[in-house]
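Novice: Pasting a structure below so you can have a look.
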Amino acid sequence: MASFTISSPSKSSSFLSSSLSSLFTPCSLSRKSFAFNISRSPICAPNSLKCELPQPVNYENGIPTIPVLNGRILPKFVESNRMDKAVNRNGAKLKLFSGTANPALSQEIAWYMGLELGKINIKRFADGEIYVQLQESVRGCDVYLVQPTCPPANENLMELLIMIDACRRASAKNITAVIPYFGYARADRKTQGRESIAAKLVANLITEAGADRVLACDLHSGQSMGYFDIPVDHVYCQPVVLDYLASKKICSGDLVVVSPDVGGVARARSFAKKLSDAPLAIVDKRRHAHNVAEVMNLIGDVKGKVAVMVDDMIDTAGTIAKGAALLHQEGAREVYAFCTHAVFSPPAIERLSGGVFQEVIITNTLPVAEKNYFPQLTVLSVANLLGETIWRVHDDCSVSSIFL
């Protein structure tokens, strides 16, 4: 019987994973922001937005070596703010638990919030069945379960459902499923006859299991929120990469935001507006089968510009790699790629590391295996974004319960 037990890390342990490449505070949540920058030659230009960077990130064998943030090297104002959260808010009944899908992100969220992860025992029986037992009381508590439904999607989804059921049967007051990556989100409509809408089915499963609320990052389409019969907090990860791009010192006049397909135009337009209203370009593609894309032409001008391709996820990287090749053919000086969810199904790594991208920027909503690192890869952390959102949701629920 395989067993996985998550317990609270000790105070002295450095439990931030190597995927933590920077600590950002999103613009919508706080006025202070700072970042770690990858040691690359900056693009110096007038009227460029600059950030003060504490120290660069080094590379070893293509894998970013990230300095561990702790009380000794963290800026004093951030550390004091973090401790204030722990002192002033820890008295409320809030419990944070992690599944087995992305425990490193869960630990980073707990560290940002000044809390300790709840103790939970998750086992796999010999026949593959999942067993979950909470090892501390959650009676009357607001419980937050961090579990992305990343590959293997079915295993992690079932584990989340069982975790929700365990909390419900343990008399938790409110159960919030924190799903950084919502699997099956692409099956959100019928494109052909006799197809299923799996996104709605998964939403029903989470609701019927006993969840009272869902917190998700960058859903594939906004309509997925309507599939749930419970409140959904949709968190956008754009502030994280916007802070990072500001540190690159790229002149706004040289920048163009590119949507890799027509379906992502709204996402790219929103991103471009926050980059000094940068111009927009669109890659027109025709998909003949699932995970197979063929680029047709480019709408917009990218000649001599720094192109930033924006998408919600990279799966096999066929769409974004062919789009980048087209941008180079049209005269783009450099091509950057940003996506929130790095699914990285084969042969994504070969396509992304082939030299068409200056840099591939992702977040840690999904864990990135060490074998999938390559020199152009940069991983940004969304831990503080999720942590602050959890605090605000919890504070709102606590205030609401006073008047009930």
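The values are calculated or read from the model by the stated rules, or taken from the named source; none is laboratory data. All values derive from a computational prediction rather than experimental measurement. Every residue, glycine among them, receives a Cβ derived from its backbone with ideal geometry; neighbour counts consider all protein chains shown. SASA here: full protein model, heavy atoms, side chains in, ligands and nucleic acids out. Shrake-Rupley method; radii C 1.70, N 1.55, O 1.52, S 1.80 Å.
Novice: What accessible area, in Å² to the nearest ten, does a 1.4 Å probe give for Thr316?
Specialist: Ignoring ligands and nucleic acids, Thr316 comes out at about 20 Å².
Novice: R0 = 25 Å: FRET efficiency of Ala325 with Ser221, Cβ-based, nearest 0.05?
Specialist: Values: r = 26 Å, r/R0 = 1.06.
About 0.40, to the nearest 0.05.
Novice: Oh, and also: How big is the stretch 94-235 in terms of Cα radius of gyration and Dmax, in angstroms?
Specialist: Considering the stretch 94-235 through its Cα atoms, Rg and Dmax are 15.0, 50 Å.
Novice: What FRET efficiency would be calculated for the residue pair Glu195, Asn372, taking the C-beta separation as r and a Förster radius of 41 Å, to the nearest 0.05?
Specialist: Numbers: r = 31 Å, r/R0 = 0.75.
That pair, Glu195 with Asn372, gives E of 0.85.
Novice: Hey, another quick one. With the dipole of the stretch 238-381 worked out from charges on the C-beta (+1 for Lys and Arg, -1 for Asp and Glu) around the Cα centre, which of Ser259, Met313, Ser381 lies farthest toward the positive end?
Specialist: The residue sitting most towards the positive pole is Ser259.
Novice: Mind listing the long-range amide H neighbours of Val258? Cut-off is under 5 Å, sequence gap 5 or more, other chains count too, H placed in the peptide plane at 1.01 Å from N.
Specialist: Placed amide hydrogens put Ala281, Val308, Met309, Val310 under 5 Å from Val258.
Novice: Can I ask one more? Distance between Cα centroids, the stretch 195-222 to the stretch 132-154: provide it in whole Å.
Specialist: 16
Novice: Then there's this: Return, for the Cα atoms of the stretch 235-379, the radius of gyration and Dmax in Å, separated by a comma.
Specialist: Values for the stretch 235-379 (Cα only, Rg and Dmax): 13.9, 39 Å.
Novice: With a cut-off of 20 Å, note down the residues of the stretch 98-112 whose backbone N falls inside the zone around a label point 7 Å from the Cα of Lys123 toward its beta carbon.
Specialist: Label zone hits: 98-101.
Novice: Okay, next question. Report the accessible area of Glu208, computed with a 1.4 Å probe over the heavy atoms of all protein chains in place, in Å² rounded to the nearest 10.
Specialist: For Glu208, solvent-accessible area is about 150 Å².
Novice: Here is a further query. For each pair in Lys93/Lys248; Lys248/Lys322; Lys322/Lys371, compute the distance between the two Cα atoms and list the pairs where it is over 30 Å.
Specialist: Over 30 Å apart, Cα to Cα: Lys93/Lys248.
Novice: Of the heavy-atom accessible surface of the stretch 94-235 (probe 1.4 angstrom), what whole percent is carbon and sulfur? Write down the numbers at each step before the final one.
Specialist: On the way: 2710 of 5670 Å².
Of all accessible area on the stretch 94-235, carbon and sulfur atoms account for 48 percent.
Novice: How charged is the neighbourhood of Lys305? Take every other residue with its Cβ under 12 Å from the Cβ of Lys305, and add Lys/Arg as +1 and Asp/Glu as -1. Mind showing how you got there, number by number?
Specialist: Details: positive: Lys303, Arg333; negative: Asp254, Asp301, Glu330, Glu334.
Result for the local shell: -2.
Novice: Leaving ligands, DNA and RNA out of it, rank Trp111, Trp391 by accessible area with a 1.4 Å probe, largest first. Before the final figure, lay out each step's value.
Specialist: Working: Trp111 30, Trp391 0 Å².
Correct descending sequence by accessible area is Trp111, Trp391.
Novice: Next question. Measure off, as a whole percent, the carbon and sulfur share of the 1.4 Å-probe accessible area of the stretch 255-351, all protein chains present.
Specialist: Details: 2090 of 4110 Å².
Summing carbon and sulfur atoms, their accessible area is 51 percent of the total for the stretch 255-351.
Novice: Given the protein chains as shown and a 1.4 Å probe, how many square angstrom of Glu330 are accessible, to the nearest 10?
Specialist: 90
Novice: How large is the Kirkwood hydrodynamic radius of the stretch 197-246, counting all unique pairs of alpha carbons, in Å?
Specialist: Numbers: mean 1/r = 0.0831 Å⁻¹.
Hydrodynamic radius (Kirkwood, Cα only) of the stretch 197-246 equals 12.0 Å.
Novice: Quick one: which of 165-176, 235-246 comes out on top by average Cβ neighbours within 10 Å, and what's the full order, highest first?
Specialist: Values: 165-176: 19.7, 235-246: 21.3.
Taking the mean over residues of other Cβ atoms within 10 Å, the ranking is 235-246, 165-176.
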